[in-house]
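Engineer: Would you mind keeping the following structure in view while I ask a few things?
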Amino acid sequence: MKVPHQPLNPYTHNKYMLYVYEVLSLAVGYRAVVSPLENIKDFDLFRRLLWISDKESHNGLAARIVPLPETAVEVIGAAIRHIERLAQYLRPYEPEIAAYLSLSVSGDNPFLSMFDRRGKLVPLRPSILTKVLKDAWPFALNWQRHFMRTHLRDKNVPGDLVNAWMGHSEFGEEALGPWSGLSIADLRRLELVIQEILSELDIEVIEGWQRYN
């Protein structure tokens with residue numbers, strides 16, 4: 001017997017995307033710029049690393065590599081499953097939305113998206129975040145960076161390593177660059193401290209959309 005189609009509540013997807021955004025912003029220190037954590041191809045889940053470019057520089061590309069703690073890797077995996085399952089479920093009923101979602105996990109569309117008032121998927125952008133969070137979560141969009149900086153320093157993480165993680169470096173002084181004194185080993189130690197903070201916050205990995213048919 002064919003299961004009757006039950007309309008998707010866009011609010012459910014939007015709330016889940018906000019959860020993914022907030023957890024990952026804590027875990028990687030991302031600035032709230034044009035499209036946060038835009039491309040899934042920037043994540044290396046096997047090596048637990050993320051390539052970030054969230055800062056304009058008149059000297060050229062300003063980018064950095066940050067570690068992905070265990071919770072972040074698991075949240076990204078759950079988000080991918082959520083998007084894939086949702087796309088599979090919507091394919092017979094909403095093929096355009098399903099196609100957009102599929103492209104999100106292939107790296108051809110922004111990774112994080114939300115339904116707007118018209119029921120269309122749009123990339124998660126600071127302008128949208130400001131509107132949807134202003135009442136429920138009335139903090140500056142970059143609150144995660146300030147929070148994590150304070151807690152990392154409280155746990156005696158060296159200031160140069162914290163600055164590197166946050167992207168506070170001048171051209172030619174980037175972490176892991178030719179003239180940097182930091183190494184992958186430093187990132188791995190930082191990863192453990194970030195994971196410790198996330199665990200202290202009792203952040204859990206939440207599965208999203210579960211239905212397949």
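Engineer: Assign one of three labels to region 106-158, namely rounded, prolate or oblate, based on the Cα gyration tensor with a ≥ b ≥ c the square roots of its eigenvalues; rounded applies when a/c is under 1.5, prolate when it is not and a/b is larger than b/c, and oblate otherwise. Don't skip to the end; give the middle numbers.
Structural biologist: On the way: a/c = 4.87, a/b = 1.82, b/c = 2.67.
Oblate shape, in that a/c is at least 1.5 and b/c is the bigger or equal ratio.
Engineer: How compact and how long is region 59-122, expressed as Rg and Dmax of its alpha-carbon atoms in Å?
Structural biologist: 14.6, 48
Engineer: Do any chymotrypsin sites (Phe, Trp or Tyr not before Pro) in region 120-150 lie in a DSSP loop with no more than 16 other beta carbon atoms within 10 Å, and if so, which?
Structural biologist: Details: sites: 139, 143, 147; in loops: 139.
Here the chymotrypsin sites (Phe, Trp or Tyr not before Pro) that fit, given the DSSP loop and packing criteria, are 139.
Engineer: So, counting K/R as plus one and D/E as minus one, what does the shell of residues with Cβ under 10 Å around residue 100 add up to?
Structural biologist: Details: positive: 120; negative: 94, 96, 108.
Charge balance near residue 100 sits at -2.
Engineer: Charges at C-beta only: +1 for Lys and Arg, -1 for Asp and Glu. How large is the resulting dipole of region 10-200 about its Cα centre, in Debye rounded to 20? Don't skip to the end; give the middle numbers.
Structural biologist: Values: 22 positive and 23 negative charges, 101 e Å.
Rounded to the nearest 20 debye, it is 480 debye.
Engineer: In percent, how large is the relative contact order of region 10-200, given Cα pairs closer than 8 Å and 6 or more residues apart? Write down the numbers at each step before the final one.
Structural biologist: Working: 236 pairs, mean separation 51.0, N = 191.
Answer for region 10-200 is 27 percent.
Taken together, the values in this text are just the output of simple stated rules run on the coordinates, not laboratory data. All of these numbers come straight from a predicted model, not from anything done at the bench. We place every Cβ from the backbone using ideal geometry, glycine too, and count neighbours over all the protein chains shown.
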